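The values are calculated or read from the model by the stated rules, or taken from the named source; none is laboratory data. In this text the structure is predicted, and so the values were computed from the model without any measurement. Cβ atoms come from the backbone with ideal geometry, glycine included; neighbour counts cover every protein chain shown.
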Amino acid sequence: DAGITQSPRHKVTETGTPVTLRCHQTENHRYMYWYRQDPGHGLRLIHYSYGVKDTDKGEVSDGYSVSRSKTEDFLLTLESATSSQTSVYFCAISEGGEGAREQFFGPGTRLTVL
Amino acid sequence: AQRVTQPEKLLSVFKGAPVELKCNYSYSGSPELFWYVQYSRQRLQLLLRHISRESIKGFTADLNKGETSFHLKKPFAQEEDSAMYYCALRRRNMLTFGGGTRLMVKP
């Protein structure tokens, strides 16, 4: 497996509480992504980063924010968690550019919002 | 905007039978397509990409621009092929995924 870890791996929280998920890589890849995986929807991009402090929105960014202060870490924050954000969250990394098309995925974080 | 559609949520076949997982896309540019696979309790991983024209674990996929399809095929399914399969379209370092198809290969 590519050097990608996610923490926590499982989390149960209550509606209205803030939650932060962490993705850590040891590959020094430029691009990092956060997806959510839901049955019938596949994986949908929440936010991505193309460098330190460089981030942009994905398809389903409402209710989420991200930060990347170091190459190796990409944080996903739910400012006030809602039940609709119950999902499995995957981080991915990519070297980017035309010569490196593959994305490598982390193990996932299962988040339950009660 | 690009879109990827996998019409079957579940595909169940017997071991040794042929398998075809369908993927259709809509994209105004020149498409770059992938198949990713997620085995039980494992990470999502790349299976194959259309530009490589490769066969991985007996699977092949041909890009048909006329039909805007990128179907995944294997002539003889094995039980270890049981997994979740996702078709994905790449645009500017971002992937758009289909909804996924769960393949179950019965003994």
*For residue B:101: the one exception among (1) of a type in the set (S, T, N, Q); (2) more than 12 Å from residue B:6 (Cβ to Cβ); (3) touching a residue at least 12 places away in the same chain (Cβ under 8 Å)*: (2)
*Given B:21, B:72, B:10, B:89, which one is more than 10 Å from every other protein chain (Cβ to nearest Cβ), touching a Ser or Thr at 6+ places or on another chain (Cβ under 6 Å) and at pLDDT 95 or above?*
B:21
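One line per residue, one yes/no per condition, for (1) at pLDDT 95 or above; (2) under 13 Å from the mean Cα position of the chain (by Cα); (3) aromatic (Phe, Trp, Tyr):
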| residue | (1), (2), (3) |
| --- | --- |
| A:39 | no, no, no |
| A:46 | yes, yes, no |
| A:51 | no, no, no |
| A:86 | yes, no, no |
| A:92 | yes, yes, no |
*Using the structure shown, decide if residue B:65 is modelled with pLDDT of 95 or more and more than 9 Å from chain A (Cβ to nearest Cβ).*
no
*Of all strands (runs of 3 or more DSSP E) completely enclosed by the stretch A:15-114, which ones contain at least 1 residues that are in contact (Cβ under 8 Å) with a residue 40 or more places away in the chain and polar (S, T, N, Q)?*
A:19-25, A:31-38, A:73-78, A:87-94, A:109-113
_Need the failing condition index for residue B:106 against (1) of a type outside the set (Val, Ile, Thr); (2) surrounded by fewer than 20 Cβ atoms within 10 Å (Cβ to Cβ); (3) within 14 Å of chain A (Cβ to nearest Cβ), just the number._
(3)
*Extreme residue, farthest from the other protein chains (Cβ to nearest Cβ), among residues of the stretch B:75-86 that are part of a strand (DSSP E or B) and under 18 Å from residue B:54 (Cα atoms)*: B:85
*Checking residue A:56 against (1) modelled with pLDDT of 95 or more; (2) within 13 Å of chain B (Cβ to nearest Cβ), which test does it fail?*
(1)
_Residue selected from the stretch A:35-93 under the condition farther than 17 Å from residue A:113 by Cα and basic (Lys, Arg), by the criterion surrounded by the most Cβ atoms within 10 Å (Cβ to Cβ)_ = A:68
*asked:* Being under 26 Å from residue A:90 (Cα atoms), more than 14 Å from chain A (Cβ to nearest Cβ) and crowded, with 19+ Cβ neighbours inside 10 Å is true for just one of B:34, B:59. Which residue is that?
replied: B:59
*asked:* I'm checking my understanding of the structure. Among residues of the stretch A:3-53 that are β-branched (Val, Ile, Thr) and within 12 Å of another protein chain (Cβ to nearest Cβ), which one is farthest from residue A:86 (Cα to Cα)?
replied: A:4
*Are any residues in the stretch B:14-57 assigned to a loop (DSSP other than H, G, I, E, B), touching a helix residue (DSSP H, G or I) at 6+ places or on another chain (Cβ under 7 Å) and of a type outside the set (Lys, Arg), and if so, which ones?*
B:32
_Subset tally (residues that are part of a strand (DSSP E or B) and either in contact with a helix residue (DSSP H, G or I) (Cβ under 7 Å, 6 or more places away or on another chain) or farther than 17 Å from residue A:66 by Cα (or both)) for the stretch A:5-14_ = 4
